[in-house]
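The values are calculated or read from the model by the stated rules, or taken from the named source; none is laboratory data. A quick note: this is a predicted structure, and the numbers were derived from the prediction, not measured. Note: ideal-geometry Cβ built from the backbone for every residue, glycine included; neighbour counts use all protein chains shown.
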Amino acid sequence: MVHGFVLRAFNRGQNGCLVFKRLYSWTEQSFPKITTHYTVHPREKDPRWEGVDMERAVDEVDVVIVGGGPAGMSAAIRLKQLAALHEKEMRICVVEKAAEIGGHTLSGACLELGPLNELIPDWKERGAPLHTPVTEDKFALLTENYRIPLPILPGMPMHNHGNMIVRLGHFVQWLGSQAEELGVEIHPGIAASEILYHEDGSVKGIATNDVGIAKDGSPKDTFARGMELHAKCTIFAEGCHGHLAKMLYKKFNLRTECEPQTYAIGLKELWEIDPAKHHPGRIEHTVGWPLERTTYGGSFLYHVTDERYEVVPTCGIYLA
């Protein structure tokens, strides 16, 4: 067994000596590592998969939507509304990897009501979980020792009057119930794992994930093949870094002549606070400390109705 590590010189210490930082280490083991994913280690070349039935069941729908978040659910609802308006029968299927709708939607959010008023005008009567209108905006620059207030003017992105503070997971659950009332077929706990194509290269639909696969990539006794969903229209609503969307970027050159995609990561905490310090409807944004001047990011605090803060510090991340 061979061990090693990589060093990088990152500054000069006293007396001009280079100071090194260990970036990562590795261990070369005497046995080969087994790649578990079939896109890297094809099953047809793996003797452990000989004789395994790889036929998939096939279902035909009008529209399949990958992702049951706010975008996917809104699309399903609107398509059903349009089908009813034009007296058309339309079968719409939503595939969502979370075990329940809203289960992977963790963010708090500030919701603009205009699009919701157009999509579901009677959302209040239907019991939408929107209980906290924005009443106050605050914006500040933080230093290590001070908080410097900054003005917010109408038209600035931080001006949120007229919007609602929501728990987005609860809101998505409610959207799912509205979609089901309209006849949308929703399948939680099922991930779309593969894009299917017609002979001419156009998208045919998706295949759901196989189940019953061991950690080493071999089939278990409980192995079951995923299902193919063929559709006239396939909508990918799996988020900003979805694995199927990245396949489409490459196949259809969708990122050609585009600015690089940027990403940020947020760490959400829910704080229960002293009622005397609670201001329902207040939104606070900050920039500056503890981030360095060269790192973009900040934080936002939402005062929700039940004497709690949603606190989310965020910073930019860089993906190769």
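Which condition number does residue 179 fail, the rest of (1) within 19 Å of residue 242 (Cα to Cα); (2) at pLDDT 95 or above; (3) under 21 Å from the mean Cα position of the chain (by Cα) being met?
(1)
Mind listing just one residue for me: the one in region 49-64 that is in contact with an Asp or Glu (Cβ under 9 Å, 6 or more places away or on another chain) and surrounded by 13 or more Cβ atoms within 10 Å (Cβ to Cβ) and, of those, farthest from residue 193 (Cα to Cα)?
Once the filter is applied, the top-ranked residue is 62.
Could you run through region 100-133 and say how many residues are part of a loop (DSSP other than H, G, I, E, B), over 21 Å from the mean Cα position of the chain (by Cα) and either at positive phi or without any contact (Cβ under 8 Å) to a residue 40 or more places away in the chain (or both)?
6
Go through region 91-129 residue by residue and tally those that are surrounded by 13 or more Cβ atoms within 10 Å (Cβ to Cβ), of a type in the set (A, V, I, L, M, F, W, C) and closer than 22 Å to residue 244 by Cα.
Count: 6.
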